[in-house]
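Q: One structure follows; several queries about it will come next.
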Amino acid sequence: MKVSGFTIVRNARKYDYPVVESILSALPLCDEMIVSIGNSDDNTVELIQSIQSPKIRIVHSVWDETLREGGKLLAVETNKAKQHVSPDADWCLYIQADEVLHEEGYVNLRQAMGDYLHQKSVEGLVLNYRHFYGSYQYVADAYNWYRREVRIIRNSKHISSWGDAQGFRRQGKKLSVKPVDAYVHHYGWVKNPKAQQRKQESFHKMWHSDEWVEQKVLKADEFDYSKIDSLQLFTGTHPSVMQKRIAEQNWQFEFDTSKSRMKWKYRVRKWLEENVGVSIGEYRNYKLI
């Protein structure tokens, strides 16, 4: 069984992406790792080269910044990276530059890929998510954050990145997938407020025009994390590859978890799920089988 990992990244240092930790978390599961580096104005290439793994294969891409509809550019670049995966790979593991796999799920992921290797009806595997916000101490618990997504797919030319690269589809149709008890930690909303502000001002340009960004994105020296609606304290463990980065956190963020501003529709959904065991209204970009 051969597993190929792939990811895309651009300006990793400038926007403080934990891409080194992301790649390191995927390497134990992969036989190769394709890292597609977009045209950057920082030392992203040197950053990736510093990992010094023989599994890593760097490819280069020029991002088309005119693609601004619905984050389509991210899916285009993800598909370009996927094209570099070795033809003989059985599975492809996709990870974004701000996502880190927790090693506690490695055994389950390896077993699932082995168990479903010849079960062709299984087109992918869906993993659990924890979305961290503001600092490494808090996780988002409102229902507008996706709780699971496809991150392992069969190596098929008919499966491609969908929408803004959140998930995958086969020729526009949702993939038939199996769930795996493994976690992805999403750290896209955890970084120094200055870096977060720079990222927001740039990132919105993948969805909107310069005029929209100028009008809608608040200009500031630092990002204001306080506007979040609802968070919970995180009492679990972070991936081991994140320990150094967490220890080097150089900003403070506190949130009173007793003063949730979660929308009522999400509160009702949460109550039903916790007390009745019924989950309603959850968007799924896949079909569980």
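We did not get these values from a lab; they are worked out from the coordinates using the rules stated. Nothing here was measured: the structure is a model prediction, and the numbers come from that model. With ideal geometry, Cβ positions are generated from the backbone for all residues, glycine too; neighbour counts draw on all protein chains shown.
Q: Kindly work out what percent of the DSSP beta bridges joining two residues of the chain are antiparallel, to the nearest 5. Before the final figure, lay out the partial values.
A: Values: 21 of 48 bridges.
Rounded to the nearest five, the antiparallel share is 45 percent.
Q: Fewest to most neighbouring Cβ within 10 Å: what's the order for V150, V45, V241? The partial results should precede the final answer.
A: Details: V150 23, V45 15, V241 20.
Ranking V150, V45, V241 by Cβ neighbours within 10 Å, fewest first, gives V45, V241, V150.
Q: From the residues F234, N285, I37, which one has its Cα farthest along the dipole of the chain in the positive direction, the dipole being from +1 and -1 charges on Cβ of Lys/Arg and Asp/Glu about the Cα centre?
A: Ranked along the dipole, the leading option is N285.
Q: Amide H to amide H, which residues 5 or more places from R13 or on other chains are under 5 Å from it, using H placed in the peptide plane?
A: Close amide H contacts, sequence-distant or interchain: N43, T44.
Q: Identify the GluC sites (Glu not before Pro) of segment 171-244 meeting these criteria: DSSP loop state and at most 13 other C-beta atoms within 10 Å of the C-beta.
A: On the way: sites: E201, E211, E214, E222; in loops: E222.
In loop regions of segment 171-244 (DSSP not H, G, I, E or B), the sparsely surrounded GluC sites (Glu not before Pro) are E222.
Q: If amide hydrogens are placed 1.01 Å from N in the peptide plane, which non-local residues have theirs closer than 5 Å to the one on K191?
A: For K191, the qualifying residues are G134.
Q: Considering amide H positions built from the backbone, and no H for Pro or chain starts, which residues 5 or more places from A182, or on another chain, come under 5 Å of its amide H?
A: Amide H neighbours of A182: N128.
Q: Return the FRET efficiency for the residue pair Q249, H158: r is the Cβ-Cβ distance, R0 is 51 Å, and the value is rounded to the nearest 0.05.
A: With a Förster radius of 51 Å, E is 0.75.
Q: If you plug each phi of segment 215-220 into the Karplus form 6.51 cos²θ - 1.76 cosθ + 1.60 with θ = phi - 60°, what whole-Hz ³J(HN,Hα) values come out, in order, with x for Gly and Pro?
A: After applying 6.51 cos²θ - 1.76 cosθ + 1.60, I find 7, 9, 8, 4, 7, 7 Hz.
Q: Say the cut-off is 20 Å between C-alpha atoms; which of K72/K174; K72/K191; K14/K55; K14/K219; K80/K216; K82/K191 go over it?
A: Values: K72/K174 18 Å; K72/K191 25 Å; K14/K55 25 Å; K14/K219 18 Å; K80/K216 31 Å; K82/K191 28 Å.
Violating the 20 Å Cα-Cα cut-off are K72/K191; K14/K55; K80/K216; K82/K191.
Q: Could you run the Karplus curve 6.51 cos²θ - 1.76 cosθ + 1.60 with θ = phi - 60° over segment 133-148 and give me ³J(HN,Hα) per residue in whole Hz, x for Gly and Pro?
A: Per residue, the Karplus-derived 3J(HN,Hα) values read 9, x, 7, 7, 8, 10, 10, 6, 10, 6, 8, 8, 9, 5, 9, 8 Hz.
Q: Separate question: Give, rounded to the nearest 20 debye, the magnitude of the charge dipole that the chain has about its Cα centre when Lys and Arg contribute +1 at Cβ and Asp and Glu contribute -1 at Cβ. Spell out each step's value before the answer.
A: On the way: 42 positive and 37 negative charges, 195 e Å.
In debye, rounded to 20, the chain gives about 940.
Q: Does segment 1-147 come out rounded, prolate or oblate by the C-alpha gyration tensor, with a ≥ b ≥ c the root eigenvalues, rounded set by a/c under 1.5 and, if not, prolate when a/b is larger than b/c and oblate if not? Numbers along the way, then the final one.
A: On the way: a/c = 1.44, a/b = 1.15, b/c = 1.24.
The shape class here is rounded.
Q: Through the Karplus equation 6.51 cos²θ - 1.76 cosθ + 1.60, θ set to phi - 60°, convert the phi angles of segment 69-76 into ³J(HN,Hα) values in whole Hz; use x for Gly and Pro.
A: Here the 3J(HN,Hα) series is 9, x, x, 4, 4, 5, 5, 4 Hz.
Q: Next question. Using +1 at the Cβ of each Lys and Arg and -1 at the Cβ of each Asp and Glu in segment 86-241, identify which of A142, S202, S160 lies farthest towards the dipole's positive end.
A: It is S160, whose Cα lies furthest towards the positive end.
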